[in-house]
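So the structure is just underneath, and the comments pick up after that.
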Amino acid sequence: MSFDDAHEIAAEHHDSHEQPAQGATNNAPQGQQGQQDQQGQDSAQKASGDKAQGGDQDEGKPRSKRPLIIIAIVVVVLAVAGFIAWFVTRNQESTDDAYTDGNAVSMVPKVSGYVTQLLVDDNSRVKKGDLLVRIDQRDYLTAQAQATAQLSLAEAQLSSAKDSLRIAQVQYPAQLEAARAQQQSASAALALADATYARQHQVDRRATTQENIDTSTSQQQSSLATLRSAKAQVAIAGLVDEQVRQAQNVVAERDAAVRQAQAQLLQADLNVGYTEIRAPSDGFVTLRNVQLGSFLTAGQVMFVLVTPEVWITANFKESQIGRMRPGDKVDVKVDAYSGYKLHGHVQSIQAGSGSRFSAFPAENATGNFVKIVQRVPVKIVIDSGLDANAVLPLGLSVKPVVYFQ
């Protein structure tokens, strides 16, 4: 048998085995589908049994304690951290309701006039005594000259009144003495006239003449009138004290006029001085509201001078100041400058809350009362940390930390 014949016999044998396999494949959907469903149900029952068996095995085993240990560690760490934070901050208090404060001097002129010289600019730094503004002086120099002349006139009148007083102190007593002498002379003349009159009227008419009788009568009447006039002069001259006092009053009046003229001259000098506005202290010019040539009126704010002295006004809650005392050390952080730290101490605590001294204090006795935590201003003086060459503006937000003693 050849090689070709053997190959044909093998091929036929292979085909005979392939055909039954295809038939079995075509018949599988009916018989084999049921067998697969049965196998799926057996697998599900086995899985549920295994799960139940595994659950029983988990219940029998002890649970893991690792989550409880982690929670306990976290709680202990938080408690320790909280205790450390409380222990570190138990003797200190801080607040965000705090700001820089200082003296802001409103510069106003005391006289009116045009600005002839302006020697400052916005935010200029000035020294005490520096000339800042000059106002036109001409009107005030004229008033000063008038006051000087008025003072000279008053002083001359006072000198004249003093001379009159010295004259009166000598003249009036002398006039009194002269009047008294005249009275004595008049009395003597009257006595002589009376004697002549009596003699002429008592003698025999044949021993005298009618002319002599008439002459004696006339002399008597004249002497009597002279005596009366002398008495009147004595009465007038007797007012020596009143006349001297009158002269003294004139002197006092002239002296008062001199003092008034001196006051007017002093006011004129002050007005001339007020035309030059100088810095009352070191500081920085801010809020400038004046220009060269502006007309200023007395009391008008030209600018504000901020002095270098700066402190902190901190509004602590009323629950924070129980242990706070003047002298407690303070550290201050300035929000505007990172890393800028100041050191100071509590200078004083205001004797009242901020709401008590507000424009409209709370009326707690009316309506429904709601308790609100009050704020009390505390003044903190800066001891160190300020830069002498840099200004610390007022009103900056800061955070002070007060350390109780």
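Show the residue pairs that are 6+ apart or on different chains and have beta-carbon atoms under 8 Å apart, the first residue being within segment 187-201 and under 9 Å from Gln219 (Cα atoms) and open to solvent by less than 50 Å² (accessible area, probe 1.4 Å), the second being of a type in the set (A, V, I, L, M, F, W, C) and at pLDDT 70 or above.
The qualifying pairs are Ala189/Leu227; Leu190/Leu224; Leu190/Leu227; Ala193/Leu224.
Going through segment 268-281 one residue at a time, which ones are open to solvent by 60 Å² or more (accessible area, probe 1.4 Å) and farther than 20 Å from Leu141 by Cα?
Pro280 - this is the single residue of segment 268-281 that is open to solvent by 60 Å² or more (accessible area, probe 1.4 Å) and farther than 20 Å from Leu141 by Cα.
Could you run through segment 285-335 and say how many residues are within 23 Å of Val105 (Cβ to Cβ) and part of a loop (DSSP other than H, G, I, E, B)? Let's see the steps before the verdict.
We begin by selecting, within segment 285-335, every residue within 23 Å of Val105 (Cβ to Cβ); these are 285-292, 294-313.
After this cut, where a residue has to be part of a loop (DSSP other than H, G, I, E, B) as well, the list is 287-292, 294, 297-302.
Qualifying residue count for the region: 13.
What pairs can you find where one residue is in segment 276-292 and within 23 Å of Glu309 (Cβ to Cβ), the other is open to solvent by 60 Å² or more (accessible area, probe 1.4 Å) and not in a loop (DSSP other than H, G, I, E, B), and their Cβ atoms are less than 7 Å apart, with a gap of 6+ or different chains?
Taking only residues 6 or more apart or on different chains, the pairs are Asp282/Pro308; Gly283/Pro308; Phe284/Arg125.
Only one of (1) surrounded by 14 or more Cβ atoms within 10 Å (Cβ to Cβ); (2) outside any loop (DSSP other than H, G, I, E, B); (3) not aliphatic (A, V, I, L, M) is not met by Ser353, so which one is it?
Of (1) surrounded by 14 or more Cβ atoms within 10 Å (Cβ to Cβ); (2) outside any loop (DSSP other than H, G, I, E, B); (3) not aliphatic (A, V, I, L, M), only one is false for Ser353: (2).
Tell me whether segment 384-399 contains one or more residues that are over 18 Å from Gly102 (Cα atoms) and of a type outside the set (Lys, Arg). Walk me through how you get there before you give the answer.
Of the residues in segment 384-399, the ones over 18 Å from Gly102 (Cα atoms) are none.
No, segment 384-399 contains no residue that is over 18 Å from Gly102 (Cα atoms) and of a type outside the set (Lys, Arg).
Check every one of the strands (runs of 3 or more DSSP E) wholly within segment 92-181 and list those with 3 or more residues that are surrounded by 13 or more Cβ atoms within 10 Å (Cβ to Cβ) and of a type in the set (A, V, I, L, M). Reasoning before the result, please.
Values: elements: 92-94, 98-107, 113-118, 131-135.
Of the strands (runs of 3 or more DSSP E) lying wholly inside segment 92-181, those with at least 3 residues that are surrounded by 13 or more Cβ atoms within 10 Å (Cβ to Cβ) and of a type in the set (A, V, I, L, M) span 98-107, 131-135.
Let me spell it out: the conditions are (1) at positive phi; (2) open to solvent by 40 Å² or more (accessible area, probe 1.4 Å), and Asp335 meets all of them except one. Which number is the exception?
(1)
Of all residues in segment 287-310, which are farther than 30 Å from Thr148 by Cα and open to solvent by 40 Å² or more (accessible area, probe 1.4 Å)?
Leu287, Arg288, Asn289, Gln291, Leu292, Val301, Pro308, Glu309
Output the residues belonging to segment 237-262 that are modelled with pLDDT of 90 or more and open to solvent by less than 50 Å² (accessible area, probe 1.4 Å).
Those that are modelled with pLDDT of 90 or more and open to solvent by less than 50 Å² (accessible area, probe 1.4 Å): Val251, Ala256, Ala257, Val258, Ala261.
Among the numbered criteria (1) in a strand (DSSP E or B); (2) open to solvent by less than 40 Å² (accessible area, probe 1.4 Å), which single criterion is violated by Leu265?
In the conditions (1) in a strand (DSSP E or B); (2) open to solvent by less than 40 Å² (accessible area, probe 1.4 Å), Leu265 misses (1) alone.
Step by step: first the residues of segment 193-236, then only those that are more than 20 Å from Gln183 (Cβ to Cβ), of a type in the set (A, V, I, L, M) and in a helix (DSSP H, G or I), then the one that is modelled with the highest pLDDT. Which residue is that? Lay out the reasoning, then the answer.
Applying the first criterion (more than 20 Å from Gln183 (Cβ to Cβ)) to segment 193-236 yields 196-218.
Narrowing further to those that are of a type in the set (A, V, I, L, M): 198, 203, 207, 213.
Filter again for in a helix (DSSP H, G or I), leaving 198, 207, 213.
Working: Ala198: 71, Ala207: 60, Ile213: 67.
So the residue we want is Ala198.
The values are calculated or read from the model by the stated rules, or taken from the named source; none is laboratory data. Values in this document were obtained by computation on a predicted structure and should not be read as measured data. Note: ideal-geometry Cβ built from the backbone for every residue, glycine included; neighbour counts use all protein chains shown. When the accessible area is computed, the model is the full protein with side chains, heavy atoms only, and any ligands, DNA or RNA have been set aside. Shrake-Rupley method; radii C 1.70, N 1.55, O 1.52, S 1.80 Å.
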